[in-house]
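Engineer: This is the structure I want to talk about, given as structure tokens.
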Amino acid sequence: MPFVPTPLPVARKMLELAGAGPGDILYDLGCGDGRIPLLAVKEFNVDKAICIELREDLADKAEEEAERQGLKGRMEVRREDMFKADISDATIVTLFLLTSVNNELAPKLRKELRRGTRIVSHEFQITGWRPLAFATISEGHISHNIYLYVIGYSTR
């Protein structure tokens, strides 16, 4: 699967929409280069951010960047399959995955996450779930949609 990074203004808006801050534990499923978790720790002061990434090259890049920015203690990179990872302690989950992958993940999210956990998806919806909030960010000629779901409120 190709790596398409979330632009930083979109990542920032995702974290704003989720109300990220102290007390939060963020998981980014398919974290790529780790930009969302890094931003969450650095600018939004979440307690901890966990990158779940299968691709070694991207996981290495995320780890190197956390080290370079001195955030290694608050950002963790796990080289594992997002479908098998334990995400039960998350208060926020960020996604930039296709709708089909979001739909495959939906039962896991519903089963493992506590009521009130926020899920923020860049561009792609979770079919059958009702977003609690929605935002569009324009970058030049490109618009990006962001959906906020909350376990127990967006899910059946």
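We did not get these values from a lab; they are worked out from the coordinates using the rules stated. These numbers come from a predicted model, not from an experiment. Note that we place each Cβ from the backbone using ideal geometry, even for glycine, and neighbour counts take in every protein chain shown.
Engineer: Which far-off residues, 5 or more places away or on another chain, put their amide H under 5 Å from the one on GLU76, with H placed in the peptide plane?
Structural biologist: Correct list: ALA49, ILE50, CYS51.
Engineer: Right, here's the next one. Once the piece of chain linking LYS42 and ARG55 is laid out straight, how much longer is it, given 0.36 nm per residue of separation minus the C-alpha distance between them? Before the final figure, lay out the partial values.
Structural biologist: Details: separation 13, 0.36 × 13 = 4.68 nm, distance 2.37 nm.
Separation in residues times 0.36 nm, less the Cα-Cα distance, equals 2.3 nm.
Engineer: Work out the length of the dipole vector of the stretch 1-115 about its Cα centre, built from +1 on the beta-carbon of each Lys and Arg and -1 on the beta-carbon of each Asp and Glu, and round it to the nearest 20 debye.
Structural biologist: Numbers: 18 positive and 21 negative charges, 88 e Å.
That gives a dipole near 420 debye.
Engineer: If you work out Cα extents along the principal axes in Å from the coordinates, which of [x] 58, 31, 27; [y] 49, 33, 29; [z] 41, 38, 32 do you get?
Structural biologist: Computing Cα extents along the principal axes in Å and matching it to [x] 58, 31, 27; [y] 49, 33, 29; [z] 41, 38, 32 gives [z].
Engineer: Let me ask another. Sorted from fewest to most neighbouring beta carbons within 10 Å, what does the list ARG35, ARG68 look like? Intermediate values should be presented prior to the final figure.
Structural biologist: Numbers: ARG35 19, ARG68 10.
Least to most surrounded, the residues fall as ARG68, ARG35.
Engineer: Select from LEU113, LEU95, LEU54 the residue whose mean-square fluctuation is largest in a Gaussian network model of the chain (Cα-Cα springs shorter than 10 Å).
Structural biologist: LEU54
Engineer: By how many nm would the segment from VAL4 to LEU132 grow when fully extended, if each residue of separation counts as 0.36 nm and the alpha-carbon distance is taken off?
Structural biologist: 43.5 nm
Engineer: Between PRO37, PRO131, PRO107, find the one with the highest GNM mean-square fluctuation for the chain; connect C-alpha pairs within less than 10 Å.
Structural biologist: PRO107
Engineer: Please check: in the Gaussian network model of the chain (C-alpha springs, under 10 Å), which one of ALA90, ALA133, ALA66 has the largest mean-square fluctuation.
Structural biologist: ALA133
Engineer: Sticking with this one: Express the relative contact order of the chain as a whole percentage, based on alpha carbon pairs under 8 Å and six or more residues apart in sequence.
Structural biologist: 21 percent
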